[in-house]
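A short worksheet on the structure shown next.
All of the numbers you see were taken from the coordinates with simple rules; none came from a lab. In this text the structure is predicted, and so the values were computed from the model without any measurement. Cβ placement follows ideal geometry from the backbone for every residue including glycine, while neighbour counts extend to all protein chains displayed.
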Amino acid sequence: MADNFGIRLTLRNLDDATLQLAIDRQEEMIGTTPTMKPILAPGLVQFRAERDRRLNANISTVLGDAFATDLDEPAESSRAVYSTPVKVVPTVAEGRSKRVRLEPDHFNNQTKPLAVEADAIKRHRGPSLHDKMRKIPEFRCVMEQFEQNKMTIRTNAMQFSCPLLVADEVAKGNYNDNDAEFLLRTQMKQVALADDGIEYDFARIKSYIRDRMGQELVSPVSGEPMRGHVSFTEIQKTKSGDVVYMGQGVNRVPKMRVRTWQPTLNPTRRPA
């Protein structure tokens with residue numbers, strides 16, 4: 001008990017900056033060396049308690065200053081003298097004017113608003129956990145690798161996006177190449193090579209060609225004339241519907257074949 005009382009007296013003699021620096025160093029040491037937590041934890045609790053006590057005291061002071069109102073009225077320097085006593089009845093407007101209004105002064109240097117005080121407390125707490133983790137070599141390497149993986153995934157997603165699907169999202173006003181959902185919506189479900197030498201989503205390029213039947217067909221990317229021939233790959237199957245495989249063991253993969261699609265005119269059937 002005597003030791004704890006001595007610790008509290010020592011903490012009260014520290015200024016706010018030194019107290020916060022001591023807390024940051026103890027937290028950083030516990031984060032770097034977890035085995036030190038049982039040793040440093042009791043003292044860290046005392047340091048945090050003293051910091052919270054000071055913050056609560058500051059907030060209480062701000063609230064007390066904000067709602068303090070001076071109700072003393074200055075004495076009249078002179079009084080009117082009447083020859084005969086007259087009873088003065090205050091009007092409604094005069095009665096209302098004497099009401100006390102409790103309005104905090106938000107722009108007084110002596111009483112800071114709560115929002116300004118809260119911002120000062122946030123700045124006083126020091127760097128965030130993300131910034132602290134970057135100071136540790138092990139965590140810094142992991143975070144840098146994670147950022148690199150995000151960049152690689154984004155680059156690959158942009159490479160396998162269909163120009164027509166991207167144009168559809170742009171027309172809807174949903175273009176955002178940093179959004180994961182946008183990248184998923186614009187990916188080619190089945191890659192197909194059109195006559196203009198550009199890869200598209202197979203279902204989307206077929207819809208593009210069918211919608212322009214009876215007019216000149218141009219490339220949606222270059223604007224140059226093109227034919228309605230689309231090459232695509234599909235899994236080869238037997239007549240019974242079984243997938244044909246190639247290779248053995250881990251190298252066993254489905255056999256693919258290249259096919260060509262072009263639009264056909266479906267004649268209307270006459271009723272029997």
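Using only Cα atoms, what Kirkwood radius does segment 193-272 have, in angstroms?
Computed over segment 193-272, the radius equals 15.3 Å.
Find how much the distance from K255 to K150 grows on full extension, using 0.36 nm per residue of separation minus their present alpha carbon separation; answer in nm with one decimal.
The K255-K150 span can extend by a further 34.6 nm.
In debye, nearest 20, what is the charge dipole magnitude of segment 160-261 about its Cα centre with +1 on Lys and Arg Cβ and -1 on Asp and Glu Cβ, if you could check?
700
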